[in-house]
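Engineer: What follows is a single structure, and I will ask about it in a moment.
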Amino acid sequence: MGRRPEKEVVKWLTLEELNEEIRSRKVCAEVLRKLFFIKELYKGAAVPKAAKEVGVSKVIGYVWLENWNEKGLEGLKPNYGGGRPSELTEEQKEELKKILEKRDDWTTREVRELINEEFGVEYSIRHLSRILKSFGMKYSKPYQQDYRRPENAEEELKKT
């Protein structure tokens, strides 16, 4: 018979409800793994043994147990909080969007230089494409145009 777990597990759900939650979460592997860990604790396993069963360290097991005890199922869901704040403010982004809408043949290098000149911020080309995508702008190769084409080419074509 194993030792008694150092920390008691709060039983937010019955074992049947826990099993149902496991069955319904087959697509979310991150939460599913944590639910298997909690299920092992429900069965009476110690945190180190349950952590080893699901392939995480003992420390992570205690973190998961703490989150479960405090918030229940919500404590097991991943928290993708934030990230680094943007160097451009929302007002600057709106201003940039208005400038970009004046023309429709910008290259990413031109946009990068524009942002550097106007706002004093330097972005990588990769991040710049993310910003343009957030504006709803398409990122593609420019359509080739013949420099010899007259301005009224469409009208000339209709006449013939």
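Engineer: What 222 nm value per residue comes from the helices of the chain, counting each DSSP H run with n ≥ 4 as -39,500 (n - 2.57) and dividing by all residues, nearest 500 deg cm²/dmol?
Structural biologist: Roughly -16500 deg cm²/dmol at 222 nm, from the helical runs in the chain.
Engineer: Right, something else. Using 0.36 nm per residue of separation minus the Cα-Cα distance, give me the extension gain between GLU87 and ARG126 in nm, one decimal.
Structural biologist: In short, 12.5 nm is gained.
Engineer: To continue, here is another question. In the chain, which whole DSSP H runs stretch at least 24 Å along their own axis (Cα) and average 1.0 or higher on the Kyte-Doolittle scale?
Structural biologist: none
Engineer: Just check the range 15-76 against the gyration tensor rule for me: Cα atoms, a ≥ b ≥ c as the square roots of the eigenvalues, rounded for a/c under 1.5, and otherwise prolate or oblate depending on whether a/b exceeds b/c.
Structural biologist: rounded
Engineer: Also: Let me know the whole percent of all Cα-Cα pairs from the range 90-134 that are separated by more than 18 Å.
Structural biologist: Above the 18 Å cut-off, the range 90-134 has 13 percent of its Cα pairs.
Engineer: Shifting gears a bit: If you rank ARG84, ARG109 by fewest surrounding Cβ atoms within 10 Å, what's the result?
Structural biologist: With the sparsest Cβ surroundings first, the list reads ARG84, ARG109.
Engineer: Can you figure out the FRET efficiency of THR160 with ASP105, using R₀ = 22 Å and their beta-carbon distance, to the nearest 0.05?
Structural biologist: With a Förster radius of 22 Å, E is 0.20.
Engineer: Separate question: Please give the contour-minus-distance gain from SER57 to VAL10: 0.36 nm per residue of separation, less the Cα-Cα distance, rounded to one decimal in nm.
Structural biologist: Contour length minus Cα-Cα distance gives 14.9 nm.
Engineer: Using alpha carbon coordinates only, what is the Rg to Rh ratio of the chain, with Rh defined as the Kirkwood radius?
Structural biologist: 1.33
Every read-out reported here was derived from the displayed coordinates using simple, explicitly stated rules and does not represent laboratory data. Everything numeric in this text was worked out from a predicted model, so none of it was measured. Cβ: placed from backbone, ideal geometry, glycine included. Neighbour counts: every protein chain shown.
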